[in-house]
Structure formats: structure tokens, C-alpha cells
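Participant: This is the structure, below, for whatever I ask next.
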Amino acid sequence: MLLVRRPPPPSRRCPPRLAPPCATRIGAPPCRRSTMRCSVTGPGSWFPGPLVLTSSPANGSSSSSSALMVLSIERYKARWVVRGFRQRAGVDFTDTFAPVVKPGTIRTVLHLAASRAWPVHQMDVSNAFLHGHLSEQVYYQQPIGFVDAECPDDVCLLSRSLYGLKQAPRAWYQRIAGFLHQLGFRSTCSDASLFVYRTGNDMDYLLLYVDDIILTASTAGLLRQLTDSLRAEFALKDLGPLHYFLGIEVVRRADGFFLHQRKYAHELLERAGMLNCNPAPTPVDTKAKLSASDGSLASDAPFYRSIVGALQYLTLTRPELQYAVQQVCLHMHAPRDAHWAAVKRILRYICGTMGYGMSLHASPSTSTDLGSYSDADWAGCPEMRRSTSGYCVYLGSSLVSWSSKTQPTVSRSSAEAEYRAVANAVAECTWLRQLLSELSCPVDKATVVFCDNVSAVYLSANPVHHRRTKHIELDIHFVRHVGQALLAARARFPRTEEEERADARWVADDEALRVAAEAAAKKEEEAEMVEAAADGWHETANGWYEAAEEGAAAAEEKPVDEEDLALANITAAIEERLADLTRVTKEHEATCRAGRRRLGDLLGQKNELLAMRAARHLIQMPSPERRAREVAAPERGRQERMRWRKENHEAQAVGRVRLEARTDVERAALHELELCGKRMVPLQDAERERARGARTERRRMKASAAPSSS
């Protein structure tokens with residue numbers, strides 16, 4: 001490859017190592033290609049060639065630029081950087097995307113290396129983007145201070161990439177990927193930045209993140225051989241055993257790796273001005289979720305976004321921060337004071353736990369057990385009522401993948417929200433199984449996904465619910481398809497007598513499950529009818545009780561007379577009747593409790609059969625101990641509701657009896673009034689006769705006194 005240098009012009013002096021390349025004149029470039037200017041800003045003791053000068057295009061656009069020279073006393077480096085913001089898509093570049101290794105892939109490879117006691121080294125490629133080859137024709141103006149005096153109007157035709165080019169990352173990836181393929185590596189389908197090398201019984205894994213490389217091999221000799229091959233092609237620096245990668249500090253122990261970001265957390269707290277704050281015991285409080293309208297708008301929204309973005313990178317080794325950071329990320333478009341208070345709570349927690357991290361424990365080299373746990377917060381978003389789903393995946397005893405994310409749609413039930421979380425966990429487990437298979441560590445056991453929702457577990461195996469779950473049919477089909485695919489893969493192998501017996505037991509369990517499900521459904525319908533009738537009776541009794549209370553209050557306002565006291569005997573009879581009604585009510589409650597107990601037994605049998613059936617799929621019921629703990633709290637709540645309902649029934653019965661007693665008292669009082677009226681008629685007649693006789697006597701006496709006076 002040709003590299004032509006020339007001395008700097010007399011008008012400007014610069015170090016000899018910074019002299020730009022130039023070459024002979026060539027023909028004019030096509031008019032479509034734009035001409036751009038470059039600046040000198042970093043390392044550049046050498047420039048990739050060939051770089052030639054050519055005449056400026058007739059219609060080409062020329063961008064004005066000044067040369068910027070930044071020198072570092074420690075390194076004496078300079079870099080010719082392209083102003084790529086002037087490039088035009090489709091003209092100066094096409095594809096720009098360059099893949100990088102996934103965090104889950106890094107954790108998985110480190111877990112395998114720790115389990116097999118492989119050496120792990122880290123490497124760095126100097127000036128990585130300068131190694132990429134360009135497939136497009138790119139023309140640049142000569143940098144100021146390095147213009148050729150004989151050809152001042154000529155431009156540079158570039159055949160290798162420079163820093164600042166839009167296509168520089170992709171050109172570098174294609175360059176190193178092509179070289180690794182020549183060495184015998186093959187890129188995996190699960191992760192394009194993971195390369196696997198295998199020769200005989202020796203294996204090697206290479207992880208690529210732009211210019212940072214993690215290399216692990218089964219033997220130290222193979223590791224040195226591959227390192228020498230890479231150093232012969234690129235300017236490679238072997239940094240020794242893995243200790244610091246992408247801001248993550250790696251500590252190798254006898255039982256595996258410990259990953260932490262103490263230095264990164266310290267820099268984050270220093271940038272946020274909370275290095276000396278009071279630590280918090282937890283990253284979030286127990287209050288409701290943050291609302292998008294709480295408080296006033298934050299005074300510095302860009303600073304909020306900067307801190308939250310930095311917190312996202314901290315979750316690479318801190319899974320306990322995933323949910324809290326996910327919640328504050330939901331409000332980056334319009335942060336408020338309440339959201340900033342939540343961010344400060346996270347930073348205070350980090351201040352007290354800067355040494356926290358995650359461990360990747362070594363396990364037997366033949367153990368590739370994969371397990372997952374999923375959960376969902378149904379309708380937790382206070383604005384849109386979307387659910388938050390999360391999962392974590394374990395490879396052996398090492399946590400290798402986790403997620404906490406708001407679901408894209410609103411779930412109409414908790415079972416739907418939980419099932420969507422299960423679908424996400426199953427998708428991640430499927431990807432990890434494929435990744436392990438490409439790493440020559442196939443998973444020979446079914447992956448168990450734990451879910452704490454019985455309805456979601458039942459949906460994964462029972463197709464009867466499709467009519468009621470059409471809105472989540474895609475997730476249902478995905479989970480069931482993965483389970484059936486695993487069963488079909490197992491069916492290709494010769495079946496033993498024990499497996500045949502197990503299949504026969506599964507068929508019997510399926511039939512028993514169907515019978516139990518039908519019986520449970522019938523019992524549930526009967527229970528719903530009883531509950532509906534009981535609710536109707538409760539409403540009627542409540543009406544009676546309110547009427548009785550109103551009548552009692554009205555009666556208390558009336559003055560007490562002798563007739564009310566005379567009705568004490570009637571009240572005693574009513575109390576006896578009240579006792580009889582209470583006894584009948586208790587007998588009815590005992591009957592209802594027995595029916596519910598029987599229904600609970602049937603549901604328990606159904607759950608046991610569901611657990612047997614779930615073993616054939618990717619979903620499994622929780623353990624009996626965990627299930628007992630989860631059932632204990634609802635059972636206490638159910639007992640409280642039953643006690644409250646019993647007291648309500650008794651109060652309603654008392655109200656109804658009081659109403660009936662009041663009615664009987666009023667009826668007896670009316671009867672007594674009628675009797676009193678009948679007894680008063682003769683007395684009234686006698687009084688009238690007496691009054692009439694008195695008037696007659698007075699008239700007679702008056703008449704007899706009149707003649708004597710005359």
C-alpha cells in the first residue's frame with residue numbers, strides 16, 4: 001500500500017510525524033460526489049493509504065473548514081477527523097450500522113469460561129476505524145496548513161476510512177469480521193459480534209465491542225496463537241487478563257467472576273453533585289408510581305436526561321436498579337420535580353452501595369440448566385393503565401439476563417398481563433438456548449419458566465380458552481409452539497420404556513385434568529349462583545334493617561306511655577323468634593362453608609394436575625412452599641371476609657326480626673286501641689245521659705223558682 005509524505009509548507013511549521021499524505025494527480029472525480037474538508041484533531045503518526053490528490057470536481061460542493069490541532073503531551077497524538085455531518089445519505093454513504101456484543105452474551109461467555117477455568121484476556125485495537133476499507137468514492141479537501149502549494153485546488157480521494165465518517169464503524173466491523181473468518185472463526189446467528197473458533201477439542205470465543213475485544217480459549221497456547229495472528233494484522237494491545245471492560249471492573253475469584261462499576265458510580269455521583277449525600281436503604285419507596293403531571297416542570301431537563309441515561313448503563317451489573325431506572329426513564333420527555341426526586345433517591349441508594357455488583361458463579365462444566373422467573377404489575381401506569389412486565393434468567397446459579405419494561409398495550413386482566421410477561425421470558429430463554437447451542441453447550445433439559453399466576457399457566461396448555469383470549473392469541477401460540485417444538489425434538493430420539501410409561505401417565509393426567517376442570521367449572525357456576533342469591537338476600541335484608549332502624553328511631557322520639565310497657569310480653573315472644581332465626585342462619589352458613597371447602601378441594605386437585613401437565617411445556621407451577629406462602633395471605637383475607645359476612649348476616653337477621661317485631665307491636669297496639677274504643681262507647685253514653693239529666697234538673701229548678709219570686 002502506497003503512502004507518500006511531503007514536508008510541510010514554509011509558511012507553517014509542524015512536527016514531522018503530523019505531515020499529511022499526498023500523492024500524484026489523477027483524473028477528476030464524478031460530479032455527483034461531494035468534496036469535504038477534514039480537520040486534524042487526534043492521533044495520526046501515520047495515515048492509511050493510498051491517499052491521492054485529484055482535481056476538484058467542477059460542480060462539487062466545497063465546505064470551508066479550519067484545521068484544528070490538539071496535541072497531548074502524554075501521547076503526542078494527532079488525528080485527522082472528517083466532518084461527516086456534511087455527508088449525504090445515498091450519495092456519500094449507504095449503510096452505517098455496526099453491531100456490538102450484547103450484555104447477555106458477555107455474561108454467558110464469562111459464566112462458561114469460569115465453569116471451565118479458561119483464561120480470559122482483554123485487548124484493544126489502536127486507531128480501529130483507520131483499518132476499514134471504503135467501498136464508496138469519498139473526496140475531501142486538503143486540510144488547512146497542509147495544502148500542496150503546487151496543487152492547491154486538488155482534493156483527496158480516500159480508500160480507507162477516517163474518524164468522523166458515517167460509514168467508518170461499519171467499515172471497521174466488516175474488516176475485522178472478514179479477517180476473523182479467514183482465521184477460521186465463524187460468527188454466530190444469535191449475536192453477530194460473537195465469534196467462535198473450533199479446532200479439534202480446542203475452542204475459542206471472541207467478543208467484539210467496536211475496538212474492545214474479549215478473548216477466551218480452552219488452552220493458553222491457543223490464546224497466544226490467536227493473539228499473535230491478530231497483532232500481525234492490526235495494531236493490537238494485549239491488556240492481559242480481563243479486569244476492566246467498557247467501564248465494568250472484573251474481579252476473578254476461585255468461584256467465578258465478580259462484576260461491579262464502583263468507579264463509574266463514583267463519577268456519576270460526582271457529576272450529579274451528590275457524592276456526599278445521605279445514603280438511602282432502597283432505590284424506590286412504597287408509594288404509588290410516578291405520574292406524568294405531579295409537581296412542576298424540572299428546571300434543567302437536559303441534565304435530568306443525562307443523569308438518567310447514565311443510570312441506564314449502571315444497570316449492566318446492578319439488576320436491583322432495573323425497575324427504578326425504568327420508571328424514571330418513562331418521563332424523560334417532560335421531567336418534573338417529583339421525577340427528579342425519584343432520581344435523587346436512586347443516587348442516594350447508589351451512594352451507600354457503590355461496591356455492589358453481580359457474581360457469575362462457576363458450575364460444573366456439563367451443567368447448562370436454564371431457568372427463568374416472570375412477573376407483571378397489572379395496570380400499574382397511572383396515566384395509560386399499561387402493565388409493567390419483568391423477567392430474570394439464570395444459567396445454573398448465575399444471573400445472565402433480566403428486563404423490566406412497560407407493555408406496549410393495555411391488558412384487560414391480570415392473567416393477560418402475566419401471560420405477556422411469560423411470553424417475553426420464553427423469547428429470551430429461546431434466544432439463550434440458541435446461543436448456548438452455537439457455543440457448543442446445548443441445553444438438553446426443558447427450560448422452566450416460573451409464573452405466579454395460575455390462569456397464565458393454564459392458558460399455556462389449554463386451547464379451550466382461545467375464544468376468550470383472542471386479543472392475546474399471538475403470545476399464546478408463541479409459548480405453546482415453543483413447548484411443542486421441544487416435545488417434537490425429543491420425539492425424534494428413540495423412546496425408552498420409562499418414557500412410554502410417563503406418556504401414559506401424562507395421558508391419564510390429561511383426562512383427569514379435563515374431568516376435574518369440568519367439575520370445577522360446574523362448582524364455580526353453582527357457587528356464582530349461590531353468591532348471586534346471597535347478594536340479593538343481603539340487599540333485601542339491608543333494606544329491612546334500614547327500615548327497622550328508622551322505625552326504632554321514630555319510636556324513641558315518641559313519649560313512653562303505659563300501653564308501651566304493657567307490650568313487654570309481646571317483645572319477649574319476638575326475641576324468642578329472633579333466636580330461632582339466628583340458629584337457622586348459622587346452619588345455612590355452615591352448609592355454605594362445607595360447599596366452599598369442597599370446591600377448594602376440587603381446585604387443589606385441578607392445580608396439582610396442572611402442575612403435572614405443565615412439566616411437558618415451558619411453564620411450571622411455583623413450588624409448594626412458595627405456593628403455601630402465597631396462599632396464606634389470601635386465605636387470611638378470605639377468613640376476614642367470611643367473618644365480616646357472618647356478622648353482616650347476623651345484623652341483617654336482627655334487623656329483619658326487629659322490623660317484624662315492630663310490625664307485631666303496632667298491630668297489637670291497634671288491636672288494643674280498638675278494644676279501648678269499644679269499652680269507651682258505654683261510658684260515653686252514660687256520660688251523655690248524666691249530662692242530659694243534669695241539664696233537665698237545672699231547668700226544672702229554675703222553673704220552680706220563678707213563681708215564688710213573683
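Readers should treat all values here as calculations from the given coordinates under stated rules, not as data from a laboratory. If you're wondering where the values come from, they're calculated on a predicted model, not measured in any experiment. We place every Cβ from the backbone using ideal geometry, glycine too, and count neighbours over all the protein chains shown.
Participant: Order of 275-283, 445-453 by packing, highest average Cβ count within 10 Å first? All intermediate terms of the calculation are to be shown ahead of the outcome.
Facilitator: On the way: 275-283: 13.0, 445-453: 19.7.
Going from most to least packed, we get 445-453, 275-283.
Participant: Under 5 Å between amide hydrogens, which residues at least 5 positions from Ser291 or on another chain qualify, with H placed 1.01 Å from N in the peptide plane?
Facilitator: Those qualifying (amide H under 5 Å, at least 5 residues apart or on another chain) number zero.
Participant: Something else now. Which order do peptides 350-363, 178-191 fall in by mean Cβ count within 10 Å, highest first?
Facilitator: Details: 350-363: 18.6, 178-191: 15.6.
Ranking the peptides 350-363, 178-191 by packing returns 350-363, 178-191.
Participant: Can you list the HN-Hα couplings for segment 173-189, worked out from phi with the Karplus curve (6.51, -1.76, 1.60; θ = phi - 60°), rounded to whole Hz and with x for Gly and Pro?
Facilitator: Each residue of segment 173-189 in turn: 4, 5, 5, 6, 5, x, 5, 5, 5, 5, 6, x, 6, 10, 7, 8, 6 Hz.
Participant: Based on the inverse mean of 1/r over its pairs of different Cα atoms, what is the Kirkwood hydrodynamic radius of segment 182-279, in Å?
Facilitator: Working: mean 1/r = 0.0624 Å⁻¹.
Kirkwood hydrodynamic radius for segment 182-279: 16.0 Å.
Participant: Write out the trypsin sites (Lys or Arg not before Pro) in segment 79-136 meeting two conditions: DSSP loop, and at most 16 other Cβ atoms within 10 Å of their Cβ. Provide the component values of the computation, followed by the final result.
Facilitator: On the way: sites: Arg79, Arg83, Arg86, Arg88, Arg107, Arg116; in loops: Arg79, Arg83, Arg88.
Here the trypsin sites (Lys or Arg not before Pro) that fit, given the DSSP loop and packing criteria, are Arg83, Arg88.
Participant: Let me ask something else. Going down the list Lys102/Lys405; Lys102/Lys287; Lys77/Lys166, which pairs span over 27 Å between their C-alpha atoms? Walk me through the numbers before you get to the answer.
Facilitator: Values: Lys102/Lys405 17 Å; Lys102/Lys287 34 Å; Lys77/Lys166 23 Å.
The pairs that break the limit, which is 27 Å between Cα atoms, are Lys102/Lys287.
Participant: Just the number, please: Stokes-Einstein D of segment 300-372 in µm²/s, Kirkwood Rh from C-alpha pairs, 20 °C, 1.002 mPa s. Before the final figure, lay out the partial values.
Facilitator: On the way: Rh = 14.0 Å.
In µm²/s, the coefficient is 153.
Participant: OK, next. Using only the Cα atoms, what convex hull volume per residue in Å³ does segment 146-189 have?
Facilitator: Values: hull volume 4.7 nm³, N = 44.
Normalising the Cα hull of segment 146-189 by residue number yields 107 Å³.
Participant: Among 161-174, 258-271, how do they line up from the highest to the lowest mean number of other beta-carbon atoms within 10 Å? It would help to have the intermediate numbers written out before the result.
Facilitator: On the way: 161-174: 21.9, 258-271: 17.1.
Result, highest mean first: 161-174, 258-271.
Participant: Still on this structure, I have one more. Could you run the Karplus curve 6.51 cos²θ - 1.76 cosθ + 1.60 with θ = phi - 60° over segment 358-363 and give me ³J(HN,Hα) per residue in whole Hz, x for Gly and Pro?
Facilitator: 9, 10, 10, 7, 6, 10
Participant: Moving on to the next point. How far apart, in nm, are the 7 Å Cα→Cβ label points at His671 and Ala338?
Facilitator: Going from the His671 label point to the Ala338 one covers 6.7 nm.
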